[in-house]
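Heads up, the thing below is written out as structure tokens.
The values are calculated or read from the model by the stated rules, or taken from the named source; none is laboratory data. Keep in mind it's a predicted model, so treat the numbers as computed, not measured. Cβ placement follows ideal geometry from the backbone for every residue including glycine, while neighbour counts extend to all protein chains displayed. Just the protein is used for accessible areas: all its heavy atoms, side chains included, with ligands, DNA and RNA removed. Shrake-Rupley method; radii C 1.70, N 1.55, O 1.52, S 1.80 Å.
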Amino acid sequence: MPEELKDKTEPTVSKVMRTPRSLIIEITSRCNLRCRYCYFFNNPAMVYRDLPANEWLTFFDELGSLGVMKVTLAGGEPFIREDLPVLLEGIVRNRMRFSFLSNGGLINDEIAAFMAGTGRCEYVQVSVDGSCAEVHDSCRGQGSFDGAIRGIRTLQRHRIRVAVRVTIHRNNVHDLENIAHFLLDELGLPDFGTNSAGYMGTCCGNADDVLLNIEERKEAMATLLRLTAKYDGRISSNAGPLTDGRMWRRMEEARAQGKPAFHNGGRLTACGCPNNKISVRADGAIVPCNMLAHVELGRINHDSLAEIWQNSPALNQLRNRHSIPLTGFEFCAGCSYIPYCTGNCPGLGYTLTGMVDHPSPDACLRRFLEEGGAIA
Amino acid sequence: MNQTDRPIANPIVVLREEFDDWAVLFNPDTAEAVGTNPVGVAVWKRMDGKRSIEDIAAEIKNSFEDAPDAAFKEIAAFVNRLAENGFVGLELESK
Ligand code: SF4
Ligand code: SF4
């Protein structure tokens with residue numbers, strides 16, 4: 001439509017979208033597994049209580065009225081809910097699409113057929129952490145590999161898009177080449193994503209056995225960068241060694257060549273999630289992100305989501321994080337990477353430092369190099 | 001589509017008025033989204049199967065400042081594009 005036409009009715013001025021485009025909903029706090037690096041369990045911020053279907057259905061009606069486009073159902077393990085078809089019907093009725101974050105083990109033909117029949121399923125993300133049961137089950141428990149692969153095959157049979165996520169930890173860092181071969185060549189997936197176990201929830205108690213040390217981080221970065229070239233972009237990431245490897249390479253090049261600051265560099269800039277989406281915990285608390293489960297903004301069916309989205313001081317503070325310069329942190333004093341650094345994920349920053357408005361030490365290039373790291 | 005045709009918005013399509021000057025029409029069945037501006041929104045809201053494209057264009061000209069003469073053509077093209085993507089259907093004449 002012609003941009004030059006101006007509406008005579010006065011619209012309200014707003015910098016943030018009027019309503020969130022998508023939500024991540026922890027539809028249950030139950031899970032069939034107990035993974036050694038799980039961020040969800042043993043998190044003091046979490047309340048492990050499930051809501052009845054009617055509470056979710058009322059909330060989905062609200063989402064429909066706000067024009068939300070998509071919900072991602074997570075948990076816990078979302079397929080553990082016996083009333084899942086009723087919940088999906090509520091989502092479909094409200095003109096939304098849906099996707100899942102799952103361990104795959106509870107997916108059967110019946111639910112897959114139901115999902116496929118709605119025509120609204122974007123994808124199901126299934127976690128696969130190894131090329132064989134021995135590696136995968138080392139952190140996720142006996143039988144979980146077979147369950148995940150069975151789940152993937154079931155989804156494939158019903159032509160539902162499968163998005164595999166590999167979480168990298170000490171027990172699978174040496175298996176990455178085999179994992180890529182298994183997922184891309186044997187299972188025939190178009191691509192897969194990676195991240196790494198983070199210091200959250202259950203992982204905090206198993207950190208020494210699970211989290212990558214400096215040598216393993218170096219190995220993971222180098223291997224993933226090599227594999228992305230070999231598999232021509234079929235391996236992706238939003239966090240973890242591949243993201244760090246790519247980002248740190250750019251930062252080091254820019255610093256060495258004295259390049260101008262990156263867009264948003266030198267300030268606490270994270271993923272931008274609070275501008276597009278919002279999350280709900282299994283007990284109905286509305287939070288900015290699953291990684292910031294302690295920041296309660298309100299409760300579903302008690303507080304207006306639109307009101308929270310537009311006016312919550314805590315949410316707006318997160319959105320304005322980019323106005324905080326890294327030069328103000330003792331942690332960053334004298335660092336030559338400041339113009340190219342964004343401080344990274346506030347969720348991990350919070351679990352490691354107790355402060356949301358602080359750079360994440362986990363993604364700190366200077367610290368990585370000081371501890372013996374090298375850029376791949 | 002002719003100027004006497006009476007387009008009707010597909011009720012499954014979601015209108016999201018994102019910012020003051022930008023909106024999205026989203027078809028959840030196909031995951032297709034079309035970005036548009038306040039004029040597009042005004043057109044969308046008028047596609048009720050009762051107004052013809054000509055009627056809609058006339059109403060838009062009255063509601064918006066500086067509507068150029070080409071407005072009708074642009075509105076018709078916009079409606080046609082939406083129709084091609086299943087966002088809009090036509091109210092059939094009852095005989
Ligand atoms: S990581 Fe996921 S599958 Fe594993 S215990 Fe936690 S919620 Fe369950
Ligand atoms: S100290 Fe770390 S977090 Fe701070 S600017 Fe340097 S690399 Fe970034």
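Normalised by 2.2 N^0.38 Å, where N is the number of residues, the alpha-carbon radius of gyration of segment B:6-86 equals 1.04. A simple packing score, the average count of other Cβ atoms within 10 Å per residue, orders the peptides A:180-190, A:114-124 as A:114-124, A:180-190, with the highest score first. Membrane-span-like helices in chain B, defined here as complete DSSP H runs extending at least 18 Å along the helix axis by their C-alpha atoms with mean Kyte-Doolittle hydropathy no lower than -0.5, are B:71-84; this is a sequence and geometry rule, not a statement about a membrane.
Summary of the geometry: segment B:3-82 and segment A:67-126, compared by the centres of their Cα atoms, lie 32 Å apart.
Heavy-atom accessible surface of segment B:6-86, averaged per residue, reaches 44 Å², computed with a 1.4 Å probe.
Stretching B:Asp48 away from B:Ala77 to a fully extended chain increases their span by 8.7 nm, per 0.36 nm per residue minus the current alpha-carbon distance. Considering helices alone, the calculated mean residue ellipticity of chain B at 222 nm is -11000 deg cm²/dmol, with DSSP H runs of length four and up weighted by -39500 (n - 2.57) and normalised per residue. Give the percent of DSSP beta bridges with both residues in chain A that are antiparallel, rounded to the nearest 5. Expressed as a percentage, antiparallel bridges in chain A total about 15.
Short-range pairs are left out: with C-alpha atoms under 8 Å and at least six residues apart, the relative contact order of segment B:6-86 is 27 percent. Extension gain, A:Glu89 to A:Glu371, is 96.4 nm, computed as 0.36 nm per intervening residue step minus the present C-alpha separation. Scoring A:286-293, B:63-70, A:274-281 by mean Cβ neighbours within 10 Å over their residues and listing the highest first yields A:286-293, A:274-281, B:63-70.
Extension gain A:Arg250-A:Asp303, at 0.36 nm per residue separation less the Cα-Cα distance, in nm? Numbers along the way, then the final one.
Numbers: separation 53, 0.36 × 53 = 19.08 nm, distance 4.32 nm.
This chain segment gains 14.8 nm when fully extended.
What's the buried accessible area, both sides, between A and B using a 1.4 Å probe, rounded to 100 Å²? Mind dumping the intermediate values first?
Working: alone 17550 and 6020 Å², together 21000 Å².
Approximately 2600 Å², summed over both chains.
Legend: residues in segment B:1-27 shielded by at least 40 square angstrom of accessible surface upon adding the remaining protein chains to the isolated chain (1.4 Å probe, heavy atoms) are B:Val14, B:Arg16, B:Glu18, B:Phe19, B:Asp20, B:Phe26. Peptide A:172-182 is shielded by partner chain Cβ atoms: per residue, an average of 0 of them sit within 10 Å of its Cβ. The Rg/Rh ratio for the protein assembly as shown is 1.01, where Rg is the radius of gyration of the alpha carbons and Rh is the Kirkwood radius. For segment A:65-110, a decrease in accessible area of 20 Å² or greater in the assembled protein chains relative to the isolated chain, with a 1.4 Å probe, applies to A:Gly67, A:Met69, A:Arg95, A:Arg97. Atom-type composition of the exposed protein surface of the protein assembly as shown places 49 percent of the accessible area on carbon and sulfur (1.4 angstrom probe). Which of the residues in segment B:35-62 lose at least 30 Å² of accessible area when you go from the chain alone to all protein chains together (probe 1.4 Å)? Flagged in segment B:35-62: B:Asn37, B:Val39. Pairs from the list A:Lys230/A:Lys277; A:Lys277/B:Lys61; B:Lys50/B:Lys73 with a Cα-Cα gap above 31 Å: A:Lys230/A:Lys277; A:Lys277/B:Lys61.
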